[in-house]
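Laboratory data are not the source of any read-out in this text; all were calculated from the coordinates shown. What you are looking at is a predicted structure, and each value in this text was computed from that prediction instead of being measured. For neighbour counting, all protein chains shown are included, and Cβ atoms are generated from backbone atoms with ideal geometry for every residue, glycine included.
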Amino acid sequence: MRILIATVQIPFIRGGAEIHAEGLRDALCRAGHEAEILAIPFKWYPPEKILDHILACRLLDVSEVAGTRVDRVIGLRFPAYLIPHPNKVLWILHQHRTAYELWDHALSDLVYYPNGSQVRDAIEEADRKLIPEARAVFTNSRNVAQRLRRFCDIESTPLYHPPPNAEKFYSASAEDYLFFPSRLCIPKRQELALEALAATRNPVRLSFAGTSDHPDYTAKLQSLARKLKLQKRVEWLGGISEEEKRSRYASALAVVYPPTDEDYGYVTLEAMLASKPVITCRDSGGPLEFVEDQATGLITDPTPDALAAAFDFVWENRDQAEGWGRAGRVRYENLNLSWDYVIKKLLA
Amino acid sequence: MKINWFCPLPPARTSVADDYLVGILPSLSQHSELTLWTDQNNWDRSLEKLAMVRRYEPERISWPELNHADVTFYNIGNNHLFHASIWQVSRRHPGIVVLHDSRVYNFFDSLYRGQWRDLEGYLAELKRYYGNEGLRAGTEFLSSGAVNIDFMTEHYPLTPLALENCLAVVVHTQEAFEQVEAMQYWPVVSAALPRALPPHRDGNDTVRSAIPPYRLIMFGYMGRNRRLDAVLEALVTLPERDSFQLDIFGEIPDERSLRRRIGKLGLGGLVQLHGYTHETELNKVLQTSHLAINLRYPTMGEASGSQLRIWYHALPSLVTDVGWYSSLSRDTVAHVRPEHEIADIQSYLQAFLKDPEPFAKMGQRGLRTLREQHDPDKYVQTILNLAANARQFTVRKSAYDLARRAGTIMGSWTSNAGKEPIRIAEKIHEICGR
């Protein structure tokens, strides 16, 4: 089949969504299909631009290219998933979040614009009317499926997929650090992790990997670390290779992943593949679908003190942490995540 | 339902605050979670028993607070002192406009030319809505005075500018309804201007002397369209003028020159100017008055809160035979033809002297009309129905905005886009619904 993967690309920003699209493309190609990523540039401010982007997507015609039919479109991200096609399947990573679950959240920008509610209503209207055009609607997690039902009354099926290079993850003896791999940005809550680190009883060390969406944000985090006198206990790895990432996972005592209402989150699954316990928060969304409190990790309140207590616990109870890590790996195996299954569902 | 309500608040000297808002507030606050927004420094604190009151400045307002309500209502009328800030917010945050005057040229004239001293902006708006013809008229109005403000009001009412970012419109007159509907841009609803009325009010609290001189009364803001000159002219040439006395209550833009004119006409003993008077005092005077003169020419497309107050006191009245006043039943008011003003006023005054009884009945029928047609509860139900549909209006507006942007972009590269606009329109319908 000739398949287009419809997604958006925010220029110069790379994260889980881009990896997800590439993983799907590669899996489709491995399965013998001809697949390409169709990425629409996306800008969300001022808010009326969002509606312009919806219209731009609706005006695209990808039913065929140079006289040859496109057999299937798989829509991943708003508003690219609204591109029309007679044989479209959605595998939604998330909707436009500030119009929905983040509308009232501190991270929201839309609500601060005079026409915020007007644009929010139009986004919801477009989603409600146009998402059901697809022949099937999947989401990347239960969390995203619940939001779709809650806000738009649309039923969907969660469809999990393995993180990239899942087979290459391994485990090694735990060293004296916790590992927090992620883009450096407000929704991932590196600031919360730093404040927690400052509140620990033990000299817990935390290693951050990842780059920032905004150049200033790394400096802001580093400044916070200095202010909290954590320089010697924090390591900033920046962008690292996949090999190094796997190595850091392998030797970590535990993995820290406390984002705000994450959609899915590769970090959780990667930690489980590396047999490491995951420390996450009650409002972290996607990770909660995989982490079992005090069985494969720790789930805490999203406060520095609660998170610090979890850091101290794994620091002081290493055997237990190791056991939770091993249990996480078993849990991962039991999930039976595979691209073959994903493709079978998306192309049915 | 959470509602933002932008409106002048008591004690602002406008009937929008003291009659209109006070009349609907009990019912409106009972059926919604209401926030009153005001740019006034002072307001009647008793309002806070019924609604939250938030002060704002147009350039410093909490958009999240507005966005968290289900809908925002903006009350817009001709007096820029009370409505300028409201209009400024309405331009940025879409909401439903309650249009108290359907011709708002005076509002923009006072705002652009008077308050902002922005002649360029004033002319730009005239050009935007009325093309080169509007620009020419505006320029002429500014430079030579060959056209006057009444002409501008009639031909260039600037109503669309008052509504430019709105979701839907509430009007109080059939004329305004037709005017807004003809623009084919906004959903519009007409609802009779409300006024609270105690259930058993029969107008029997009036204490009207049975012998001359009979008390004539005019009240409210005495702008040029209140026809004071014509009333004075009618009195001065009326042989039976000594059978009447005229009390004028309310602000007068140029009181000194009016006093001079009254003196010059020899009406000093007959006409009394009282200035702005608190409504309690005004109501007492209305109870003892025999006939109200409530003329408007030209009309600004308003329904008259003063007229409802007149009826509240079962008082007969003379009104101009134009606009909303023209639609009033002929057994509830006496119509004065604008082209025969003086003759008609005199004729009604003479008829009154001959037999006051039909006029007293006219007042009673006015009171009945007030009860039957101007019920605040019914009005509030209309408002709530609109609020319930706000989302539909919002999405509709998004479609229009999107179409305008698409049209603007396409216009930059082609003057003949063929079928493309239709295709874009279809796609916009797909996004925003029909």
Place a point 7 Å from the Cα of A:Ala31 in the direction of its beta carbon; the residues of the stretch A:314-348 whose amide N falls under 15 Å from it are A:337-348
Expressed to two decimals, the stretch A:2-159 has a Cα Rg over Rh, using the Kirkwood radius, of 0.96
Honestly the stretch B:214-374 on the Cα gyration tensor test (a ≥ b ≥ c root eigenvalues; a/c under 1.5 rounded, otherwise a/b vs b/c for prolate or oblate) is just rounded
With the 8 Å Cα cutoff and a minimum separation of six or more residues, the stretch B:214-374 has a relative contact order in percent of 24 percent
The stretch B:288-434 -> Rg/Rh from Cα coords, Kirkwood Rh, value 1.29
Taking the reciprocal of mean 1/r across every pair of different Cα atoms in the stretch A:166-335, the Kirkwood radius in Å is 15.4 Å
Inter-chain shielding metric for B:59-68, i.e. average beta-carbon neighbours from other chains within 10 angstrom, reads 4
To the nearest 20 debye, the protein assembly as shown has a Cα-centred charge dipole, built from +1 on Lys and Arg Cβ and -1 on Asp and Glu Cβ, of 400 debye
With +1 on the Cβ of every Lys and Arg and -1 on the Cβ of every Asp and Glu, the dipole magnitude of chain A about its Cα centre, in debye rounded to the nearest 20, is 300 debye
Rounded to 0.05, the calculated FRET efficiency for the beta carbons of B:Asp202 and B:Arg337 at R₀ = 41 Å is 0.80
Length gained, A:Tyr341-A:Arg150, 0.36 nm per residue minus C-alpha separation, equals 66.1 nm
For chain A, the Kirkwood Rh over every pair of distinct alpha carbons, in Å, works out to 21.0 Å
With the convex hull built on the alpha-carbon atoms of the stretch B:1-103, volume per residue in Å³ sits at 93 Å³
In the structure shown, of A:Lys43/A:Lys129; B:Lys49/B:Lys397; A:Lys188/A:Lys276; A:Lys229/A:Lys276; A:Lys88/B:Lys427, the pairs separated by more than 25 angstrom at the C-alpha atoms are B:Lys49/B:Lys397; A:Lys229/A:Lys276
Computed over the protein assembly as shown, the distribution of all Cα-Cα distances in 10 Å bins, rounded to whole %, is 2, 12, 18, 17, 14, 12, 10, 7, 5, 2, 1, 0
Under Stokes-Einstein, the stretch B:67-159 at 10 °C and 1.306 mPa s, with its Kirkwood radius over C-alpha pairs, diffuses with a coefficient in µm²/s of 114 µm²/s
Gyration tensor (Cα only) of chain B to equivalent ellipsoid, semi-axes in Å sorted down, yields 41, 26, 20
Rounded to the nearest Å, the spacing of the alpha-carbon centers of the stretch A:1-77 and the stretch B:256-330 is 69 Å
With Cα coordinates, the longest principal axis of chain A makes an angle with the long axis of helix A:242-251, in degrees rounded to 10, of 40 degrees
